[in-house]
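In what follows, a structure is listed as structure tokens, so that the remarks can point back to it.
The values are calculated or read from the model by the stated rules, or taken from the named source; none is laboratory data. Just so you know, these numbers come straight off a predicted model, no measurement behind them. All Cβ positions, glycine included, derive from the backbone under ideal geometry; neighbour counts span all protein chains shown.
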Amino acid sequence: MEVEAFITVLLSASLRASIPMLLAALGEAYNEKGGILNLGIEGMMLGGAFSGFAVALITGSVFLGFMTGVAVGAISGLIFAYLSVTLKLDQIITGIGFTILMVGLTGFLYRYFYGRNFPTLGVSKKTLAIPFLSKIPVIGPVLFDQHVVVYLTLLLIPLLHWILFHTTFGLNIRAVGETPGAADAAGVNVAQIRYLVAVFAGAMAGLGGAFLSLGNLSLFVPGETQGIGYIAIAMAMLGKWSPYRVFIGAWLFGMVESLAVGLQIIAVPVQPEFILMLPYVGVIVAMVFLARNARLPAKLMLPYERGER
Amino acid sequence: MNEMGWTERLRPYISLMFAIIASFTVGAFLLWILGINPLRAYQVLFEAGLGKLGITQTLIKMTPLLMISAGLMIVLSAGIWNLGEDGQFLIGAILVGVAAPIINAYLPKIPALLILGMIGFLGGAAWAIIPAVLRIWYGLNEIITTIMTDYLAIYLTSWLVKGPFRDPSVIPPQTPVIPLVRRIPQIWGGVHIGLIIGVVAVLGVHFLMRNSTIGWKILVVGKSIKTAVHTGIPVARLSMMAFLLSAGFAGLAGANGVLGVKGLFQGDWNPAYGFTAFALVYMARFKGGTVIFLAYFFSFLLLGGQMMSLRLGTPVFFVTILEGLMLIFFVVNEYLFQHVLERRRS
Amino acid sequence: MKTQLRINQPDLKGEGTGSPSNQEALVQMRGITKRFPGVVANDGIDLDLYPGEIHSLLGENGAGKTTLLNILSGIHQPDEGTISVRNEVVHFKSPHDALEHGIGTVYQHFALVPNLSVAENVILGLNTAWILDLKGAERRIQRTMEKFGLTIDPHLQVQYLSLGQQQRVEIVKVLFRKPKILLLDEPTSVLTPSEVGELFRMVKQLRAEGVGVVFITHKLHEVLELSDRITILRNGQRIGAVTPEELANQTHEEISNHIVQLMFGGVPEEETEGTYAPRVSEEIVLTLEGITILDSQGVAAVRNLSLELRAGEILGIAGVGGSGQKELLEAIAGQLPVAQGNIRLGERLGEIDLTNKGVPFAMKMGIAYITDDRIGEGIITDLSVAENSVIRRIDKRPMSRWMLLRWQAIFDFANSLIGAFDIKVPSPQILAGTLSGGNIQKLLLARELSADPTVLMCNQPTHGLDVKTAQFVWKTLREQASMGAAILLISSDLDELLKLSNRVGVMYNGELLEVLSIEAADRETVGRLMLGERS
């Protein structure tokens, strides 16, 4: 096997494999910057994955499937925002409750409706090659012969970076997570900003989940996310909430995952579990080195109570 | 030891009661939408746990939950979010699965069981050392690191049991089967001594957290690290102790799973008790009696869920839905209760 | 001082301050009542503010000044009463609404985002355009600062600024929005006297432009220097006012007597100084030799500091907040490590090295420390008074035996402290968090003194307390000293320091500049040293 071809396949497969986590991590980065830690991300991804899959299966439209995934994620995010911002409930407990609920709900509905025949979506050509650009060696197939959602994600990265650091809205988010009291005193609507980031994070998790079942696998299995949601939370922290750094981390993670699959295909005698555990080792090691001097947003996980500081 | 009004005292119980009622109501609604008679379904759900078989099965199921809960009662009181119970459970379990044949070859039954229990406990505790050190000396948030160690343990144990630790004499990936006579002694129809250990652990933790100097100091650390530092309470040492004890109890639960129930460690085994134990300890507000009640209740539901699945074709995930709803409703109820009280006061 | 009073004469104020009565009021607050759980913070307060005047709110800590101001700035909503701004009745739901009405506030605890730049902090919440124009903002900030003679680099991150500089950022932030009404909550408490001068010049400039200023302080001389009108609050009520006419026509002396009468009237006069005769012995109890303490960022919070503390003396340490006083106490108590130098205890029993031995060892050696952060660090709010009272001695008999707590002994101990220190609490089983500030301080005093300390350290021992409790604290400290304890006292209240201490040291930027005998320590000398000017 040629080295160039191997690298091309690895890069392109790993980019695609990283998309679900990357989307969730980008949403979570905004969330955490705004002072919300949502452990329910894992559950919301499952919600997006299942609902997207079910709708695509029923309607035959992958597009509708994606839209449903986003909607389910956004609604979950809205409920989470209501519980954590308006009712000021403990974010960790609420997040865990959400994940338990979603694991149960998606597993229940899937088994109830599809438990006997394990349907898959018809495999169609999923990539959209961009003329000319996709012919460039290595870079072409990696960046310009991909699923539409991959393009969308790649475009989102600079956009999200720009919004966070170069707009008033982004400034408000950064202030609200760090010192909500100061933001409030300056006339920023703290609750509104937190609602927006929570709904956005939910929608991104839903989209990421939907990509898992619609873009990557064409099928749903209970517990499909396998902890991707939690890794997304870790990625957002490791990337210090910068969309670019989150992207790099997510791609590296996707690379290890593809490597596990790739080495099996070319029959290298190594247990896939051994390779699959490497990313977690990687995350922990990276946390030791990168996160040691990284401060979390000061008011992460803390509800804002006016008049307290 | 403090004085509270009776409404304050009853508050968590009332919240819990309403949480259970609310989640069952939502569950009934879901069943009704799907065209299943909720009353019939709940009848099946509740009947499963009755009778001798139902009760013994429930007691067997609740044993690991009790052990993990005992650990969570300590660590959550210390203000530490150890969410890595599943990983610590698996590491304890696989070490016991591997060590059992070796130790059984040299020692009589009871000392062997004691040592294997110890191995499970220490294995679980060892698995928490990295997140504990990161949290206590480097201030790194333990929520994410412990969840990461969960997944790491899932893949690690699964790799070990398919590779280095595999029993070559059988086809499925697993550790050697422990003969029935070398397992934890039974007391009643499959219920073994593990249950007693679990109950004693929960009640003991409950008592010691409130009445021993060390437990009380852990409580102080959990309530205010600043005050603990100021008053000379060794925060790092106690946090470490709480963290490792909780992980140890999870490892002990793993030992219990191998020595009491399964007799071996199997590939891709992950019973995932962690979040369930977490939910019930939180809803029990760290109170031993309530923890035991809820552990029983959750196991009872799980059994009923399995029965529902057999008889009505509703997937067992139904019980997971109830669990998630209960936890969310519980926090919402606590909020409502507090605000109703506050409004009445002013 | 006499000349400063002249400033209040209308003719020296420039335009805009004629007789307020024929002008339209900027703000009218009527019958404002605000209740918090257990307290009535504001009880039917009226307040008027006219354009081009400085209206001071004077009162002790806890009198309700900050609550009233927070109501006007939209942080709190009043339970009763009305607010009108320019004759329009308003209901502020948030600070945003108040800002919309031209009300700018400099809060006592700054409302700045530490990891944002000065410029970002200033434009935060303006939401003028979707896209951040930092360059343009910086230019406009520069212009605002030039107008008021301020300098600060708009690129700097706020967390690296000194408290005085942060105050300046707060002011720029408010001025940037061109407020018609400016609220200042104890703006001088973190400032050096020269910074205070700068602030006052600016406030006067704004007054000349017709801005109405509400100024909160508990320092009488500042009030007399600035005010056109004074309102005095006590226990949440408006108990008196000084009108511009009175300010113009009475002497400094008369007004200040009047105000003191209103603020403190009815409170029993402190017993005469005569009952307390300091008996400082020659015995050195505590020796610090060249100690350097690093803060969490590795910057020296205390530099090469040496001092000796004698039995029976009260050594007061003055200094602008954040000069390293707290770190000094924490290091002696064993809470913070010392990077260099050593701390030694006693002569009597031979010297004992205390350096970096940790809190339990320091406690055992008779060091007691009463923290300024009473609620956050001193007590645990949701444990009982009894548990809080034994927190330092839980391992000792009779509180525990065989590592098990003995509740009866704990309650008995708590009851004895409650009796001895007159702590107002119905039962030792009550949660400590429900106690009033004064009773919490008594609980802390009781807990620390129950160990019979040889060295007692206090940080802001009377801050925020009512006069009666403050006097109780003073009396207790003097008793301790006369019984032979060595006391290290830190306070931002210079009067308190000068009243209690036998010697006064001044810290500036982590250094102990000088230790003066009480005879040599007058307000002016100490004040100059606090600014870092060595004599």
Looking only at region B:193-214, which residues are without any contact (Cβ under 8 Å) to a residue 60 or more places away in the chain and facing another protein chain (nearest Cβ under 10 Å)?
B:Leu208, B:Asn211, B:Ser212, B:Thr213, B:Ile214
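Being at positive phi and without any contact (Cβ under 8 Å) to a residue 40 or more places away in the chain narrows it down to one of B:Gly232, B:Gly190, so name that one. Let's see the steps before the verdict.
Values: B:Gly190 fails: without any contact (Cβ under 8 Å) to a residue 40 or more places away in the chain.
Selected residue: B:Gly232, the only one of B:Gly232, B:Gly190 that is at positive phi and without any contact (Cβ under 8 Å) to a residue 40 or more places away in the chain.
Tell me the residue from C:Gly378, C:Gly350 that is of a type outside the set (D, E, K, R) and buried (at least 20 other Cβ atoms within 10 Å of the Cβ), please. Let's see the steps before the verdict.
On the way: C:Gly350 fails: buried (at least 20 other Cβ atoms within 10 Å of the Cβ).
Exactly one of C:Gly378, C:Gly350 is of a type outside the set (D, E, K, R) and buried (at least 20 other Cβ atoms within 10 Å of the Cβ), namely C:Gly378.
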Which residues, counting only those in region C:286-301, are assigned to a strand (DSSP E or B) and out of contact with any Ser or Thr (no Cβ under 6 Å at 6 or more places or on another chain)?
C:Leu286, C:Thr287, C:Ile291, C:Thr292, C:Ile293, C:Leu294, C:Ala301
Those residues of region A:236-257 which are modelled with pLDDT of 90 or more and of a type in the set (A, V, I, L, M) amount to A:Ala236, A:Val246, A:Ile248, A:Ala250
Has region A:103-120 got at least one residue that is in contact with an Asp or Glu (Cβ under 9 Å, 6 or more places away or on another chain) and at the interface with another protein chain (Cβ under 7 Å from one of its Cβ atoms)?
yes
Subset of region C:329-347, residues farther than 14 Å from C:Gln460 by Cα and among the hydrophobic types (A, V, I, L, M, F, W, C), comes to C:Ala331, C:Ile332, C:Ala333, C:Leu336, C:Val338, C:Ala339, C:Ile343, C:Leu345
Kindly indicate whether any position in region C:499-514 is assigned to a helix (DSSP H, G or I) and touching a residue at least 60 places away in the same chain (Cβ under 8 Å).
yes
When region C:410-439 is checked residue by residue, the ones that are within 23 Å of B:Lys217 (Cα to Cα) and within 12 Å of chain B (Cβ to nearest Cβ) are C:Ile410, C:Phe411, C:Ala414, C:Ser427, C:Pro428, C:Gln429, C:Ile430, C:Leu431, C:Ala432, C:Gly433, C:Thr434
Scope region C:62-95; condition without any contact (Cβ under 8 Å) to a residue 12 or more places away in the chain and of a type in the set (A, V, I, L, M); matching residues
C:Val89, C:Val90
Restricting to region A:144-179, and then to whatever is at pLDDT 90 or above and more than 21 Å from the chain's Cα centre (by Cα), can you tell me which residue is nearest to A:Gly208 (Cα to Cα)?
A:Phe169
Of all residues in region B:234-244 being crowded, with 23+ Cβ neighbours inside 10 Å and of a type outside the set (Gly, Ala, Ser), which is nearest to the other protein chains (Cβ to nearest Cβ)?
B:Phe243
Let me spell it out: the conditions are (1) surrounded by 15 or more Cβ atoms within 10 Å (Cβ to Cβ); (2) modelled with pLDDT of 90 or more; (3) within 14 Å of chain A (Cβ to nearest Cβ), and C:Gln108 meets all of them except one. Which number is the exception?
(2)
Scanning region C:328-373 residue by residue, those more than 10 Å from chain B (Cβ to nearest Cβ) and either among the charged types (D, E, K, R) or on the phi > 0 side of the Ramachandran plot (or both) turn out to be C:Gly341, C:Arg344, C:Gly346, C:Glu347, C:Arg348, C:Gly350, C:Glu351, C:Asp353, C:Asn356, C:Lys357, C:Gly366, C:Asp372
Could you check how many residues of region B:224-233 are at the interface with chain C (Cβ under 8 Å from one of its Cβ atoms) and of a type in the set (Gly, Ala, Ser)?
2
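Can you confirm whether region B:167-178 contains a residue that is in contact with a Pro (Cβ under 6 Å, 6 or more places away or on another chain) and more than 8 Å from every other protein chain (Cβ to nearest Cβ)?
Step one: of region B:167-178, the residues in contact with a Pro (Cβ under 6 Å, 6 or more places away or on another chain) are B:167, B:176.
Now drop any that are not more than 8 Å from every other protein chain (Cβ to nearest Cβ), which leaves B:167, B:176.
Yes: region B:167-178 contains one or more residues that are in contact with a Pro (Cβ under 6 Å, 6 or more places away or on another chain) and more than 8 Å from every other protein chain (Cβ to nearest Cβ).
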Conditions first: (1) in contact with a Pro (Cβ under 6 Å, 6 or more places away or on another chain); (2) more than 8 Å from chain B (Cβ to nearest Cβ). C:Ala386 passes all but one, so which condition is the exception?
(2)
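Output the residues belonging to region A:78-112 that are aromatic (Phe, Trp, Tyr) and under 26 Å from A:His147 (Cβ atoms). Walk me through it before giving the result.
At the first step, the residues of region A:78-112 found to be aromatic (Phe, Trp, Tyr) are A:80, A:82, A:98, A:108, A:110, A:112.
Scanning region A:78-112 gives a single hit, A:Tyr110.
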In region B:307-337, residue farthest from the other protein chains (Cβ to nearest Cβ) [restricted to those that are in contact (Cβ under 8 Å) with a residue 12 or more places away in the chain and surrounded by fewer than 17 Cβ atoms within 10 Å (Cβ to Cβ)]
B:Arg311
For region C:59-151, give me every one of the helices (runs of 4 or more DSSP H) that falls completely inside it and has 1 or more residues that are under 30 Å from C:Val242 (Cβ atoms) and in contact with a helix residue (DSSP H, G or I) (Cβ under 9 Å, 6 or more places away or on another chain).
C:65-72, C:95-100
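When you scan region B:97-111, how many residues do you find that are within 22 Å of B:Val161 (Cα to Cα) and touching a residue at least 40 places away in the same chain (Cβ under 8 Å)? Break it down into steps so the answer makes sense when it comes.
Restricting attention to region B:97-111, the residues satisfying the condition of being within 22 Å of B:Val161 (Cα to Cα) are B:97-105.
Add one more test, that the residue is touching a residue at least 40 places away in the same chain (Cβ under 8 Å), and what stays is B:97-98, B:100-101, B:104.
Within region B:97-111, residues that are within 22 Å of B:Val161 (Cα to Cα) and touching a residue at least 40 places away in the same chain (Cβ under 8 Å) number 5.
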Within region B:149-171, is even one residue surrounded by fewer than 19 Cβ atoms within 10 Å (Cβ to Cβ), in a helix (DSSP H, G or I), modelled with pLDDT under 90 and touching a helix residue (DSSP H, G or I) at 6+ places or on another chain (Cβ under 6 Å)?
no
Residue by residue through region C:1-56, note down the ones that are farther than 30 Å from C:Thr434 by Cα, at pLDDT 55 or above and of a type in the set (Val, Ile, Thr).
C:Val27, C:Ile54
Which one of these is in the same structural domain as C:Pro461 (by the TED database), buried (at least 17 other Cβ atoms within 10 Å of the Cβ) and either within 17 Å of C:Met457 (Cα to Cα) or of a type in the set (Asp, Glu) (or both): C:Ala301, C:Ala311?
C:Ala311
Of the candidates C:Gly334, C:Gly358, the one satisfying the condition of being surrounded by fewer than 23 Cβ atoms within 10 Å (Cβ to Cβ) and of a type in the set (Gly, Ala, Ser) is C:Gly358
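Can you pull out every residue in region B:1-59 that is in a loop (DSSP other than H, G, I, E, B) and over 30 Å from C:Phe411 (Cβ atoms)?
Applying the first criterion (in a loop (DSSP other than H, G, I, E, B)) to region B:1-59 yields B:1-5, B:34-37, B:48-50.
Within region B:1-59, B:Leu34, B:Gly35, B:Ile36, B:Asn37, B:Ala48, B:Gly49, B:Leu50 meet the criteria.
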Does C:Ser450 satisfy being at pLDDT 90 or above, within 14 Å of another protein chain (Cβ to nearest Cβ), touching a helix residue (DSSP H, G or I) at 6+ places or on another chain (Cβ under 9 Å) and surrounded by 19 or more Cβ atoms within 10 Å (Cβ to Cβ)?
no
